[in-house]
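Asks: Structure below; questions to follow.
The values are calculated or read from the model by the stated rules, or taken from the named source; none is laboratory data. Just so it is clear, the structure is predicted and the values come from calculations on it, not from any experiment. Positions of Cβ are backbone-derived with ideal geometry, glycine not excepted, and every protein chain shown enters the neighbour counts. Keep in mind that these areas ignore ligands, DNA and RNA; they rest on the heavy atoms of the full protein, side chains included. Shrake-Rupley method; radii C 1.70, N 1.55, O 1.52, S 1.80 Å.
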Amino acid sequence: MFPMFNEIFTKLGYNVVLSQASNEEIVALSQEYAFEETCFPVKLITGHCAWLLKQKVDYIFLPQLYTMKHEGSTAREDYACVYMQTSPKVMESVFDFEKEGVELISPALSFNFGKKYMIETLLGIGEQLGKNKVETTMAVMAGMKKFMSYEKKMEELGNKIIKNVNPNQKVFVLISRVYNITDPTLNMGIEDKLIEMGYNVLHLGHLEASCIKMKDEYSKMCWPFGQHILTGLEEIKKHDNMFPIYITNHGCGPDTVLMHYFKEEMQDKPYLHIEIDEHSSKIGILTRLEAFVHSINQYEKIEEEASPLQINMETEKKYLLPNMPLYSDVMKGFLEKQGHEVELLKAVDSQSIELGKDLAISKEYFSMIGSLSEVLERIMQDDKGYKLYFPMTEGNETFGQYGNFIRLKAKEKGKKLEIETPFLEDFLGDKHFGMAFIKAIIVCDLIGLLPNEKRDYALQDLLVAVKHNAVDEAYLRNLCNSIKEEVEAHKVKKKLMVIGESLVVYKSFLNHGLIEKLEKEHYVMKQPLAEVLYVLWNDYGHKRNKKNDQYIKLLKQVKAYFEIVNEILAEYSPYQRDMEEMMTNVNKVLPHYAGGAGRYRLAKLLTHKDVDGMLIVNSMYENTATILKVLREKHRKDIKVPVLDLNFDSNKIGNNNEVLETFLSYI
């Protein structure tokens, strides 16, 4: 987008200072200022901002990329990755721009919100700079014209090279996000080396792939850069002499999914996959590149042997449902009310997790490998095909791809698995779920507060009530009073709130059983799923600056049920005392963020009180957790309780137990 914004600022009368190409100085600055395990490109943004501050500039332009559009997309929303959504906020947590006398210009760019929104956003840049609407409009029009011309020239250049290349002459295509291809530190000199070796090199942007429609199996993938990568592969597969070099970033959540899709699409056609971080050795990578180029000559020999995998199995009509204690039982009940046969999967454990680990190829989230393991453990038992019911969200964390990822890995194991992945955003307005569903979820939240030995009885009672539509205010009040009696009868040491990545919060194996252990001595409140859904539905109800009156009306009813719980349980209620305050707070701190329940998690952290301590749990490398940890530094004074971060993966050797014991002693 540089051609567009360079033109806009130039037309507005400003000298544009572009930070120098990533080099040793930029890398050193990024290492000096960056913190937490973000991907390398985000660390480099820190270095570039630090360099610009040293140049004593007046403004730093760093847009927030919220939604982006890929022409061939069939997804409901097309979100930039969570780091690109929050990079200006992250930089504000790292640097004190006001102290440096620098103003940050960070408009929220959302191409999916339509021309009117984008024009208003771009005009807002001029307003921030004190320019009038006429001169800003002229600058914006010139910038957009420049950008469209640039994109057209890129594709024309690619077409020209492709047409002039001898079919017997090999062409290498760099496939990645644009910064990995063009930045000299991130691309590790791959293009220069290939040219030095006498080969033609194309970038993903040179291919006419932007308007190719996504395949059905990827129709719900919300990452535009991922869509572009996969449609680019469709172009590459048309040419026997084209070979992709796929560059990914260590610590990038989307990459941990996309590399599996990439492998599936390429089948037996050779490609080179290179994962980059700040510790990558340029010499080592170029050595791998040379070895790959030399191996390409063997491709023709094995091409005829390749044949697509055909899986012919009779598919069971029943749904397989992932195991999330209490909540999955309720989901099963609602699906059965709709006439479906449902089998609840056995929870992942130390044995079944090995099935998923065998198929991991990078730093996949523990929750994703755990979910895969649950399914594989069941479908590998016989020769039947199955259907998996795996709800997802529109948001851009990897969770939205778990269902499709599991389908792909089942195929890799020779199993037929159909998937149904409804959007959780739709459940409140769905006649099969709606208010009846959210009331049952509230009850599940409360059952989780009972002693472990009393939960099963309460759950069975709830399932009967669900079947007969008997979950009402009286039912809720009775349960709250029972919980109150339990609390008063059993004195606990500490009151703790657990928030974080939902699957890690609710699934015992994914948090290494630490929460179950805590419940034996302390009053533990897990983030209530009903409250997570409330924020999800509230955001959905106000999406694209439009109000969904049906959702807003229903959410008032949901809030009324929260208030009943708060009235009876008081300080022992897991729900926020003032939902409006929570939403107002997060709208100020993180107004645009889709995925991983990130807005909810930050809001809960900043506003929840009445507990002795708060635990934040998530998969190792989860991008949302990393971002929220950075953002909260700037708002540390607003957090009213001690906080402990716990990360989990399949390795139990870590020191989480010791750290937790120290934390409990401290509070």
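Asks: Determine the share of the chain's accessible area contributed by carbon and sulfur atoms, expressed in whole percent, with a 1.4 angstrom probe.
Replies: Of all accessible area on the chain, carbon and sulfur atoms account for 49 percent.
Asks: State the label only: which of [x] 1.00; [y] 1.06; [z] 1.16 corresponds to Cα Rg over 2.2 N^0.38 Å computed from the shown model?
Replies: Matching the structure shown: [x].
Asks: Taking a cut-off of 13 Å, what percent of all Cα-Cα pairs in the stretch 467-529 are separated by more than that? List each step's numbers first, then the result.
Replies: On the way: 1384 of 1953 pairs.
Value for the stretch 467-529 (Cα pairs over 13 Å): 71 percent.
Asks: The stretch 438-561: D in µm²/s via Stokes-Einstein (Kirkwood Rh, Cα pairs, 20 °C, 1.002 mPa s)?
Replies: Working: Rh = 16.1 Å.
Estimated diffusion coefficient is 133 µm²/s.
Asks: I'm checking a number: the convex hull volume of the Cα atoms of the stretch 10-86, normalised per residue, in Å³. What is it?
Replies: Per-residue hull volume (Cα only) is 139 Å³.
Asks: Tell me, what is the per residue accessible area of the chain in Å², probe radius 1.4 Å?
Replies: 45 Å²
Asks: Using the Cα atoms of the stretch 441-493, I'd like the radius of gyration and the largest Cα-Cα distance, Dmax, both in angstrom.
Replies: 11.3, 39
Asks: Let me ask something additional. Hey, can you rank 331-344, 62-75 by average C-beta count inside 10 Å, highest first?
Replies: Highest to lowest by the protection proxy: 62-75, 331-344.
Asks: Here is the link list: LYS11/LYS69; LYS237/LYS409; LYS454/LYS494; LYS629/LYS652; LYS517/LYS640; LYS145/LYS237. Which ones come out longer than 28 Å on Cα distance? Kindly include the intermediate steps, with their values, before the conclusion.
Replies: Values: LYS11/LYS69 26 Å; LYS237/LYS409 22 Å; LYS454/LYS494 20 Å; LYS629/LYS652 23 Å; LYS517/LYS640 25 Å; LYS145/LYS237 32 Å.
Too far apart for the 28 Å limit: LYS145/LYS237.
Asks: Beta carbons within 10 angstrom, averaged per residue: use that to sort the peptides 567-580, 455-468, highest first.
Replies: By packing density, highest mean first, the sequence is 567-580, 455-468.
Asks: Something else about it: Can you give me the three principal axis dimensions of the stretch 528-667 from its C-alpha atoms, in Å, biggest first?
Replies: Here the Cα extents, ordered largest to smallest, are 50, 35, 30 Å.
Asks: Then there is this: Which percent of the Cα-Cα distances in the stretch 137-253 go past 25 Å?
Replies: 29 percent
Asks: Highest mean first, what order results for 176-186, 207-217 on Cβ atoms within 10 Å?
Replies: Ranking, from highest mean packing down: 176-186, 207-217.
Asks: Please identify the helices of the chain, taking whole runs of DSSP H, that span at least 27 Å along their own axis as judged from the Cα atoms and have a mean Kyte-Doolittle score of -1.0 or higher.
Replies: Those that clear 27 Å and a mean of -1.0 are 133-164, 549-569.
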